[in-house]
Amino acid sequence: MPEPRPLIFQLYTTYQRAGRLVARALDGTGIRAEDAPLYSVLDREGSLTPTELARRLGVGQSTLTYRLQALEAVGAITRRRNPADGRSSLVELSPRAQRHWRATIPSFAEALRRAERRIDLSHDDVAAALEAIATAVDAELGSGPALSGVDISSK
């Protein structure tokens, strides 16, 4: 009997397909799928340091820097000096980008919920399994726990 495929690999291939669904749900909005979690976290949290934002998104600092530069160039992100630490900055959505994101949320979220309704497991069970996988992956990578569950709802 062949050994089952590793769960992490299955999750990765599912992630690729989920990314295509997110891209399709955002088609025509001007928001790229890879930027949606960034919009979501900044909409919910207000302003964060780039280091904290990278941690919450589970991305590397260089990846985040690239994304922030692109979003700054189009006026979607603003950056200001961190009053608590003059060496770092705080980033936040521009008011225009925040309004645009919030206007996008209803149709975007509904497109994702349609797919979620096809899952024959409870939301809590799936969320718990994903959290367990994230914790195991973080332990294997030797990194601290990431903040789970990027929420696409507004404040």
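Read the figures in this text as sums done on the coordinates, not as results from a lab. Keep in mind the model is a prediction, meaning the values are calculated, not measured. Cβ placement follows ideal geometry from the backbone for every residue including glycine, while neighbour counts extend to all protein chains displayed.
Counting 0.36 nm for each residue step from His100 to Ala18 and taking away their Cα separation leaves a gain of 27.3 nm. Relative contact order, whole percent, for the stretch 7-141 stands at 23, derived from Cα pairs under 8 Å and 6 or more residues apart. Structural size metrics of the stretch 47-122, computed from C-alpha coordinates, are Rg and Dmax of 15.9, 50 Å. In terms of other Cβ atoms within 10 Å, Ile119, Ile105 run from fewest to most in the order Ile119, Ile105. Ordering Arg87, Arg114 by the number of other Cβ atoms within 10 Å of each residue's own Cβ, fewest first, gives Arg87, Arg114.
As I understand it, the value is the acute angle between the Cα axis of helix 95-116 and the longest principal axis of the Cα atoms of the chain; what does it come to in degrees, rounded to 10? The helix 95-116 is inclined about 10 degrees to the chain. Quick one: helix 7-26 against the long Cα principal axis of the chain, what's the angle to the nearest 10°, folded into 0 to 90? Result, in degrees: 50. What the Cα convex hull of the stretch 7-141 gives, in volume per residue, is 134 Å³.
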